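Below is one structure, written out as structure tokens; comments come after it.
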Amino acid sequence: MERNDNNRRNLLVIKASAGSGKTYRLALEYIRHLLFTTSDDHDHLVPRRAPGDSRPLNAHRGLLAITFTNKATDEMKQRIAAELYRLSQPGVK
């Protein structure tokens with residue numbers, strides 16, 4: 001799988017053959033960008049919102065995920081929804 005990060009525009013392009021895990025990787029990256037941002041020193045990820053902060057997150061407004069097939073789109077949506085639900089459960093870190 002080839003990963004191409006373009007820091008100037010914050011693009012992530014994933015190119016790979018069938019069955020290599022592109023859809024899984026897109027879902028993972030989507031969730032990561034929804035919930036985290038980079039630290040001021042760009043050295044590590046930090047939560048977009050502090051514990052107890054109930055303001056809505058708007059990170060989804062700056063994300064675009066494109067797949068080639070409807071099947072991959074449905075799979076990605078299901079993975080994202082399932083993981084966000086899992087993370088919303090009490091006691092899950």
Item to check | Relative contact order (percent, whole number), the chain, Cα cutoff 8 Å, 6+ residue spacing | outcome: 23
Next on the checklist: Within the chain, how many Lys pairs that are eight or more residues apart, or on different chains, come under 20 Å at the alpha-carbon?
Outcome noted: 4
Next on the checklist: Taking the solvent-accessible surface of protein heavy atoms with a 1.4 Å probe, what is the per residue accessible area of the chain in Å²?
Outcome noted: 82
Checklist outcome for this item: When the chain is treated as a Gaussian network with springs between alpha carbons less than 10 Å apart, the largest mean-square fluctuation among His44, His33, His60 is found at His44
Item to check | GNM top mover of Asp53, Asp74, Asp40 - the chain, alpha-carbon springs below 10 Å | outcome: Asp53
Checklist outcome for this item: Tilt, helix 70-88 to longest principal axis of the chain (alpha-carbon atoms), in degrees rounded to tens, equals 20
Checklist outcome for this item: Per the C-alpha gyration tensor (a ≥ b ≥ c, the square roots of its eigenvalues), the chain is rounded if a/c is under 1.5, else prolate if a/b beats b/c, else oblate; here it's oblate
Checklist outcome for this item: Note, Arg48: beta-carbon cut-off 13 Å, +1 each Lys/Arg, -1 each Asp/Glu, net +3
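The values are calculated or read from the model by the stated rules, or taken from the named source; none is laboratory data. The shown structure was predicted, so the numbers you read here are calculated from the model rather than taken from an experiment. Positions of Cβ are backbone-derived with ideal geometry, glycine not excepted, and every protein chain shown enters the neighbour counts. Just the protein is used for accessible areas: all its heavy atoms, side chains included, with ligands, DNA and RNA removed. Shrake-Rupley method; radii C 1.70, N 1.55, O 1.52, S 1.80 Å.
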